[in-house]
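First the structure, in the form of structure tokens, and then the observations on it.
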Amino acid sequence: MIKMIALDLDGTTLNSQGKLPPVVRTALEDAIAADIEVIVATGRVFSAIPKEILEVKGIRYTCSSNGARVIDLATNKVIYKNFIAPKAVEDMSVILGRYNFMYEVFTDGKAYVEKVLYDRIAEMRLSDRHVTYVLNTRQPVEGVLDYMLKKKRSIENININFQDQENRLMMKEILSEHRNITLTSSFDHNLEIGGKTTSKADAITKMAEMMGIKREEIMAAGDNPNDKAMLEASGLPVAVGNAKDEIKAVAKYITTSNDEGGVAKAIYELVLNRKSE
């Protein structure tokens, strides 16, 4: 019997336009009505979680920044946090300072980006959707790595955007040598740096313990590498049809794509035991 559903947003719960399909919203509401805890588990910083997700009545907890920050929406308080260690932030500042990539720093529930890049974001080789997303969810600041050092005790995540895969692979190799961070990704064009033990799996496991929910009573759904540990930590791991092969490999069930309401299909058929609507 499933008592908790942990859902990734981008590429999973949200469609390709970053919207919540009506059929999925209805499925979430039906699950909540059945006394199942629906948890948002996203790589997004808290301030970038779509309003339409937060407006789903009954969603109480959000796990943002890949598990670095869990907020109780009923009280608007942080109930769990797992940030990057200050020394690791200092190490990352030295390494990242050698390269001129687009860095986004997550702290205090907001995301910050270099002002000159923010002002010129339309000139970068990013999709129109991603350009709009940056403009709507990022805060421009001059000297983003210096700002990161000032906030080194509360850094949730460092996101690096790349315009070509060669640089992405180079940085992945460099950063993979450091044991005081975790390294993952949620898009083909990025790398995400978290704390040594930070993950969606860690946050979801801690929340389940707080609620007295067992591993086998958790369903988790995702599509990208930053979801893998969460799926492995759940009793019912679900991959959407558009998920990466490595995510499908750890799933017990593969539903339809995010554009076909795959999350709704999984909830109805696997949790609520009825035909998807």
### Summary
Selection from the range 87-108 of residues in contact (Cβ under 8 Å) with a residue 60 or more places away in the chain, in a loop (DSSP other than H, G, I, E, B) and either surrounded by 15 or more Cβ atoms within 10 Å (Cβ to Cβ) or out of contact with any helix residue (DSSP H, G or I) (no Cβ under 9 Å at 6 or more places or on another chain) (or both) yields Phe101
#### Entry: Those residues of the range 1-31 which are in contact (Cβ under 8 Å) with a residue 60 or more places away in the chain and among the basic types (Lys, Arg), in sequence order
Lys3
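Each row is one residue, and each column tells you yes or no for (1) within 24 Å of Gln17 (Cβ to Cβ); (2) modelled with pLDDT of 95 or more; (3) in contact with a strand residue (DSSP E or B) (Cβ under 8 Å, 6 or more places away or on another chain).
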| position | (1), (2), (3) |
| --- | --- |
| Val105 | no, yes, yes |
| Asp108 | no, yes, no |
| Tyr112 | no, yes, yes |
| Lys115 | no, yes, yes |
| Glu123 | yes, no, no |
| Leu126 | yes, no, yes |
| Thr132 | yes, no, no |
| Gln139 | yes, yes, yes |
| Glu142 | no, yes, yes |
### Summary
Here the residues within the range 214-231 that are open to solvent by 40 Å² or more (accessible area, probe 1.4 Å) and more than 16 Å from Ile5 (Cβ to Cβ) are Lys228, Ala229
### Message
For Arg69, only one of the following conditions fails: (1) without any contact (Cβ under 8 Å) to a residue 24 or more places away in the chain; (2) farther than 18 Å from Asn190 by Cα; (3) open to solvent by 10 Å² or more (accessible area, probe 1.4 Å). What is its number?
### Response
(1)
### Message
Restricting to the range 186-213, count the residues that are of a type in the set (Gly, Ala, Ser), open to solvent by 10 Å² or more (accessible area, probe 1.4 Å) and farther than 17 Å from Phe83 by Cβ.
### Response
2
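For every residue, the table says whether it meets (1) of a type in the set (A, V, I, L, M, F, W, C); (2) over 23 Å from Glu217 (Cα atoms); (3) open to solvent by 20 Å² or more (accessible area, probe 1.4 Å); (4) part of a loop (DSSP other than H, G, I, E, B).
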{"position": "Gln17", "(1), (2), (3), (4)": "no, yes, yes, yes"}
{"position": "Val24", "(1), (2), (3), (4)": "yes, no, no, no"}
{"position": "Glu29", "(1), (2), (3), (4)": "no, no, yes, no"}
{"position": "Glu52", "(1), (2), (3), (4)": "no, yes, yes, no"}
{"position": "Val56", "(1), (2), (3), (4)": "yes, no, no, yes"}
{"position": "Ala74", "(1), (2), (3), (4)": "yes, yes, yes, yes"}
{"position": "Tyr80", "(1), (2), (3), (4)": "no, no, yes, no"}
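The values are calculated or read from the model by the stated rules, or taken from the named source; none is laboratory data. Just so you know, these numbers come straight off a predicted model, no measurement behind them. Ideal geometry is used to build each Cβ from the backbone, glycine not excepted, and the neighbour counts take in all protein chains shown. The area values use the complete protein model at the heavy-atom level, side chains included, leaving out ligands, DNA and RNA. Shrake-Rupley method; radii C 1.70, N 1.55, O 1.52, S 1.80 Å.
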